[in-house]
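Structure first, then comments.
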Amino acid sequence: MLNSVRDLLPIVLVILFFQLVVLQQPLPNVGQLVLGVLFVVIGLTFFIYGLEQGLFPIGDSMANALARKGSVFWLVTFAFCLGFGTTVAEPALIAVAAEAAKVAANGNMIESTDAARLQYATELRLIVAFAVGVAIVIGVVRILRGWPIHWIIIGGYIIVMIMTVFAPPEIIGIAYDSGGVTTSTITVPLVAALGVGLASSIKGRNPMLDGFGLIAFASLTPIIFVMAYGMLI
């Protein structure tokens, strides 16, 4: 909990400085704010503890077990399902998809009904989740084959730049934001643990050099898939 307080202290000091020194206004609802910060500290503490005790070990252990099993099919299937499942449940993606549906309805891109907004948000979430699943598969194959990560990333962003020229302007911002929100509280711990655990289990692979990079793929592919989705519809 002390570590959580230390991590949150900079943002608290920034808020206090601008509120009291720049704006020169007292803090509104001080008691509520203090209670809210306390809840954030407690929640962050339990979240970090849960990652260390649960998500990191299970991702690492399953990667080791699948690598020992020697089945590329099941390893790739697990990688896709992990990427898809964690992204569908990602709170940040749910929020962005819902907001995008509202804006699309207000801009007359879709019907202004609850059903149309729900369908738009659901399709966007499924496309992003599918893209992340594909990204994790690419990352796992890269670890297995020992491919250099930089060429894949450079090639991917060249595709992004080319697609940006042809994609509808209304979808570009959503596509770029979709790449960012996928790598959040649920996806990152499991994907990182998968990469490090897999690289640690394969002879000739260095966890530091080969174990990281899956999250970069998970940020890249949704941009491509969402822009393609916008170009198709």
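The values are calculated or read from the model by the stated rules, or taken from the named source; none is laboratory data. Computed from a predicted model, the values in this text were never measured in an experiment. A quick note on method: Cβ atoms are made from the backbone with ideal geometry, for glycine too, and the neighbour counts reach across all protein chains shown. Just so you know, the surface numbers come from the protein's heavy atoms only, side chains and all, with ligands and any DNA or RNA stripped out. Shrake-Rupley method; radii C 1.70, N 1.55, O 1.52, S 1.80 Å.
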Condition (residue is in contact with a helix residue (DSSP H, G or I) (Cβ under 6 Å, 6 or more places away or on another chain), among the small types (Gly, Ala, Ser), in a helix (DSSP H, G or I) and more than 25 Å from Val96 (Cβ to Cβ)) applied to region 181-198: is it met by at least one residue? yes
Against the conditions (1) within 20 Å of Tyr229 (Cα to Cα); (2) open to solvent by less than 40 Å² (accessible area, probe 1.4 Å), where does Ser184 fall short? Just the number, please. (1)
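Could you list all residues from region 1-24 that are in contact (Cβ under 8 Å) with a residue 12 or more places away in the chain and over 23 Å from Gly50 (Cα atoms)?
Here is the first cut: in region 1-24, the ones in contact (Cβ under 8 Å) with a residue 12 or more places away in the chain are 1, 3-5, 7-8, 12.
Correct list: Val12 only.
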Only one of (1) within 26 Å of the chain's Cα centre (by Cα); (2) open to solvent by 50 Å² or more (accessible area, probe 1.4 Å) is not met by Val21, so which one is it? (1)
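Is at least one residue of region 80-98 of a type in the set (Ser, Thr, Tyr) and more than 18 Å from the chain's Cα centre (by Cα)? Break it down stepwise before answering.
At the first step, the residues of region 80-98 found to be of a type in the set (Ser, Thr, Tyr) are 86-87.
Cutting the leftovers down to more than 18 Å from the chain's Cα centre (by Cα) gives us none.
For region 80-98, residues of a type in the set (Ser, Thr, Tyr) and more than 18 Å from the chain's Cα centre (by Cα): absent.
How many residues does region 160-175 hold that are surrounded by 16 or more Cβ atoms within 10 Å (Cβ to Cβ) and either in a helix (DSSP H, G or I) or among the polar types (S, T, N, Q) (or both)? Outline the logic, then answer.
At the first step, the residues of region 160-175 found to be surrounded by 16 or more Cβ atoms within 10 Å (Cβ to Cβ) are 160, 163, 167, 171-172, 174-175.
If we keep only those that are either in a helix (DSSP H, G or I) or among the polar types (S, T, N, Q) (or both) as well, we get 160, 163, 171-172, 174-175.
Within region 160-175, residues that are surrounded by 16 or more Cβ atoms within 10 Å (Cβ to Cβ) and either in a helix (DSSP H, G or I) or among the polar types (S, T, N, Q) (or both) number 6.
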Selection from region 25-73 of residues open to solvent by 40 Å² or more (accessible area, probe 1.4 Å), touching a residue at least 60 places away in the same chain (Cβ under 8 Å) and either hydrophobic (A, V, I, L, M, F, W, C) or touching a helix residue (DSSP H, G or I) at 6+ places or on another chain (Cβ under 6 Å) (or both) yields Phe47, Leu55, Phe56, Ile58, Asp60, Met62, Val72
Identify all residues within region 206-233 that are touching a Gly at 6+ places or on another chain (Cβ under 9 Å) and either among the β-branched types (Val, Ile, Thr) or not in a helix (DSSP H, G or I) (or both); write none if there are none. Gly211, Phe212, Gly213, Ile215, Thr221, Ile223, Ile224, Val226
